[in-house]
1. Across segment B:364-391, what is the number of residues that are within 16 Å of ligand 6 (Cβ to nearest atom), under 12 Å from residue B:432 (Cα atoms) and more than 14 Å from every other protein chain (Cβ to nearest Cβ)?
2. Test residue B:555 against the criterion of being assigned to a helix (DSSP H, G or I) and away from ligand 7 (no atom under 16 Å from the Cβ), and give yes or no.
3. Kindly indicate whether residue C:113 is within 12 Å of chain B (Cβ to nearest Cβ), touching a residue at least 12 places away in the same chain (Cβ under 8 Å), on the phi < 0 side of the Ramachandran plot and not acidic (Asp, Glu).
4. Hand me the list of helices (runs of 4 or more DSSP H) wholly inside segment B:470-540 holding 2 or more residues that are among the small types (Gly, Ala, Ser).
5. Show the residue pairs meeting these rules: Cβ distance below 6 Å; 6+ apart or different chains; first residue within segment C:72-88 and more than 14 Å from chain B (Cβ to nearest Cβ); second residue among the β-branched types (Val, Ile, Thr) and away from ligand 1 (no atom under 16 Å from the Cβ).
6. Please verify whether residue C:44 is crowded, with 20+ Cβ neighbours inside 10 Å, modelled with pLDDT of 85 or more and touching a Leu at 6+ places or on another chain (Cβ under 9 Å), treating the condition exactly as stated.
7. Looking only at residues in segment A:1-34 that are under 14 Å from residue A:47 (Cα atoms) and small (Gly, Ala, Ser), which one is surrounded by the most Cβ atoms within 10 Å (Cβ to Cβ)?
8. Across segment B:1-43, what is the total count of residues that are of a type outside the set (D, E, K, R) and more than 14 Å from chain A (Cβ to nearest Cβ)?
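The values are calculated or read from the model by the stated rules, or taken from the named source; none is laboratory data. No experiment lies behind these values; they were computed from the predicted model shown. Don't worry about glycine lacking a Cβ; one is built from the backbone with ideal geometry, like all the others, and counts go over all protein chains shown.
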Amino acid sequence: MTTTQEEVLSKVREIVSPWKDKKGGLIPILQQAQHEFGYLPPEVVQAISDEMLIPLAEIYGVATFYAQFHLKPRGRHVVRVCRGTACHVRGSLKILEKLKETLHVTDNGTTEDLRFTLEPVACLGACGLAPVMTIDEQTFGRVRPEMLGDILGKFE
Amino acid sequence: MGLYRSHVLICGGTGCVSSGSLEVLEALKKGLAEKGMDKEILVVSTGCHGMCEMGPIVVVYPEGTFYCRVTAADVPELIEEHLYKGRVVERLIYKGEGKASDVPHYTEIPFYKKQHRIALRNCGYINPDSIDEYIARDGYAALVKALTEMTPEAVIEEVKTSGLRGRGGGGFPTGLKWSFCARSAGDKKYVICNADEGDPGAFMDRSLLEGDPHAVVEGMLLGAYAMGANEGYIYCRAEYPLAIKRLKRTIEQATEYGLLGEHILGTDFSFELHIKEGAGAFVCGEETALMASIEGRRGMPRPRPPFPANKGLWGKPSNINNVETWANVPSIIRNGGEWYAAMGTEKSKGTKVFALTGKVNHTGLVEVPMGTTIREIVFEIGGGILNGKKFKAVQIGGPSGGCLTKDHLDIPISYESLSQVGAIMGSGGLVVMDEDNCMVDVAKFFLEFTQAESCGKCPPCREGTKKMLDILTRICAGKGKPEDLEALEYLGTMIKETSLCGLGQTAPNPVLTTLRYFRDEYEAHINEKRCPAGACTELTRFIIDADKCIGCTKCARVCPADAITGAVKQPHVIDQDKCVKCGACAEACPVKAIDRR
Amino acid sequence: MPKIKTLDDLKKIKESTMDLTGARSQGKTRIIIGMGTCGIAAGARAVMEAVMAELSRRGLKDVSVETTGCIGMCQDEPLLDVIHGGESRITYGKVGPDDVPRIIAEHVVNGRVVEDKVIGRTD
Ligand SMILES: Cc1cc2nc3c(=O)[nH]c(=O)nc-3n(C[C@H](O)[C@H](O)[C@H](O)COP(=O)(O)O)c2cc1C
Ligand code: SF4
Ligand code: SF4
Ligand code: SF4
Ligand code: FES
Ligand code: FES
Ligand code: FES
């Protein structure tokens with residue numbers, strides 16, 4: 001996906017417009033922008049800064065504080081492995097290790113072909129099904145290492 | 001609206017959806033329509049029943065038959081046998097420890113029988129997307145009662161009488177907190193619902209928001225009326241997309257009915273409610289950090305005073321409560337504070353929802369009166385330990401909590417009794433561990449979590465937890481020194497005393513309690529370089545029992561490190577220096593000759 | 001959608017929805033229809049449809065309609081049982097759709113057992 005400078009600007013304008021005269025808009029704007037662009041590239045952050053008159057440093061301060069925001073491109077599919085307590089005691093570390101091995105990435109890394117990004121996360125709220133992982137919006141429960149090949153295979 | 005003879009409730013909570021409940025729902029609707037039974041049988045999608053492990057859950061009324069792990073392929077049989085012929089499909093019946101022959105009513109299942117559901121009373125029983133069903137269960141009756149018959153002061157008095165205390169962890173008396181905010185001068189005030197649910201292993205807030213969102217909204221309305229606020233926020237984790245979707249629908253419906261917005265019920269009381277999505281930082285669950293995050297800043301805690309009741313969101317008086325706290329309020333106003341106070345212990349009133357997880361037979365959400373013992377929860381409701389193993393410990397209260405042992409099983413749970421033994425109620429996470437869980441590893445796990453989530457503002461929390469983690473990592477790798485234990489105790493106590501917010505003040509708890517109750521495990525790691533539970537890989541050794549080995553060579557063939565040698569039909573040996581502890585050999589051995597120690 | 005202004009508005013919604021959610025608890029009176037193989041063959045479906053029609057015609061609440069499998073009295077099918085309040089379970093045999101209004105009017109509404117159709121009584 002290549003986006004021209006103008007397209008970036010007009011998208012950003014659209015995203016910030018509901019927040020122009022309101023308080024507390026920065027986080028929702030960043031959430032929306034990331035949703036739109038997949039991550040927060042420098043030109044988008046610059047455009048937000050220009051439009052909202054918020055210093056770049058402040059935006060980067062907020063963006064780096066929250067785990068949700070990404071400043072680098074990410075894979076087409078985001079694989080999240082729950083590292084919450086319930087999942088830990090039911091063996092989620094093995095799942096994570098196996099994924100790292102198969103995908104040749106480290107925590108929060110992205111595969112070279114931009115197919116997957118691997119993220120360990122805190123509880124996904126489905127503890128009853130521990131260990132739990134998600135790929136994009138799909139949740140997989142009671143995962144065993146030997147199931148991973150099939151699961152990953154579903155996502156191109 | 002026709003009359004339906006039977007209602008089929010399908011769980012549409014996050015857990016069951018991931019186990020395939022949406023396909024079951026589709027299949028049922030289609031199957032019933034094909035048989036022409038869709039006019040007599042109603043299919044309802046509900047919120048979480050709290051038994052996600054057994055999902056997808058299907059309950060058939062009026063009989064109250066509880067089916068579990070239902071798949072779309074089971075649907076034709078369910079329709080033909082149960083819904084058409086009235087014969088229960090035994091194969092899919094929930095089998096606790098009871099016999100399959102007597103099919104218990106939903107409420108008679110041991111998992112539910114001992115529970116007392118107040119906060120969770122509608123979860124899994126109503127369609128959370130239908131405000132009418134909530135009203136049919138006396139929903140919004142408390143709001144009407146408060147606005148038409150009660151002064152704001154009377155509402156606060158009622159909450160005080162109930163003895164309700166904050167369910168978000170601190171346990172501060174809710175009525176008292178409300179009175180501070182009510183007394184605070186100002187024409188603009190805010191009420192906030194803390195739905196950040198950061199404790200990894202707890203999911204009661206998600207379940208409530210998904211299963212009975214109107215109760216949370218009604219609770220907030222009552223609080224806003226009592227304290228004189230006209231605007232509110234629900235701060236919800238972005239990891240809970242379904243909860244956020246349901247909340248949006250809830251707000252729309254309540255607004256259509258005039259229960260949110262201007263001049264509610266034709267009175268002077270107006271209330272506007274917003275949803276804010278969190279951005280993934282555990283520390284944002286702390287109230288001052290949460291408010292900073294709503295304002296669009298980095299979510300760092302700040303010193304109190306000033307308290308939110310005086311200077312909160314955007315400098316205005318604010319009151320923040322947890323999801324479960326809010327959800328209890330409508331029942332209290334409707335039934336009276338005395339009614340609520342009749343349950344529980346002397347100082348901890350009412351009920352509490354626990355998220356029972358880990359190595360128990362039945363995991364799930366459990367709401368019991370305060371004063372119930374841990375034994376009752378783990379063994380009666382939870383059905384005991386998985387695979388008949390031995391109970392070792394229970395971790396209560398998440399990363400700020402502590403690990404308790406079998407000696408604590410008979411403690412009646414209350415805020416006081418738990419803090420006396422070094423744990424806390426916290427959000428109500430209850431993780432059961434068996435003999436295979438290593439307590440040093442568990443302590444390290446929690447510290448890794450808090451260490452990563454420390455916002456970095458105060459040095460003791462930022463640096464101290466890192467030091468402690470280094471020590472624990474060393475111990476788990478078999479490189480611990482005897483003086484490490486004292487260092488851990490010293491650091492832990494120091495961090496507790498000098499940190500600014502609750503994260504730092506409680507982060508050492510899991511380490512300190514395990515040091516107190518499981519010191520021998522630490523000592524085994526340090527002095528004998530041995531992990532008694534066999535969980536710390538770097539300390540585990542795989543050893544072939546020469547008497548059992550039949551020399552089949554299977555293990556040598558699977559070993560990725562070529563660590564196993566031996567001639568055919570002769571006992572094999574593992575070279576410990578080469579072994580990478582993958583465990584493949586032990587799995588491959590047909591005669592179980594390989595021990596993990 | 002009309003805005004709610006008073007307790008009465010709320011009660012109205014509550015009552016109309018209770019009709020709907022009523023099936024989620026066992027009613028004060030239970031009607032149980034035998035739906036085993038020979039029950040169905042003898043016309044139990046039609047009996048059940050008649051029960052549903054009669055209940056909604058009369059606007060009766062707090063009555064639950066259940067089905068059950070073979071109870072071993074196949075020669076008397078269709079079978080229909082009524083449990084009124086806490087009283088004992090009355091089994092009616094050879095019930096046809098035409099009998100349904102009478103059983104509902106007499107037994108379900110007024111609590112008087114329709115003696116000529118009774119074939120069994122259990123506690
Ligand atoms: C690090 C930290 C994390 C917290 N996380 C949560 C949370 O996820 N949910 C919550 O309700 N309270 C959380 N709290 C407690 C809140 O600060 C606050 O006490 C609570 O929301 C007040 O509501 P209550 O009185 O109804 O419990 C956290 C506190 C700290 C120090
Ligand atoms: S105790 Fe830790 S999390 Fe809390 S303010 Fe200090 S550094 Fe931040
Ligand atoms: S544990 Fe793994 S590396 Fe070690 S001997 Fe067995 S197969 Fe080889
Ligand atoms: S697999 Fe078991 S029996 Fe076979 S050689 Fe290895 S240890 Fe011996
Ligand atoms: S601990 Fe993994 S989903 Fe909660
Ligand atoms: S999501 Fe279905 S029981 Fe929890
Ligand atoms: S099938 Fe009806 S009694 Fe046997």
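1. 0
2. Judged against the criteria, residue B:555 is a match.
3. So residue C:113 does not fit the description; no.
4. In segment B:470-540, B:484-498, B:502-506 are the helices (runs of 4 or more DSSP H) which contain 2 or more residues that are among the small types (Gly, Ala, Ser).
5. Close Cβ pairs (under 6 Å, with a partner that is among the β-branched types (Val, Ile, Thr) and away from ligand 1 (no atom under 16 Å from the Cβ)) amount to C:76/C:119; C:82/C:31; C:82/C:90; C:84/C:29.
6. Taking the combined requirement at face value, the residue satisfies it.
7. A:33
8. Qualifying residue count for the region: 21.
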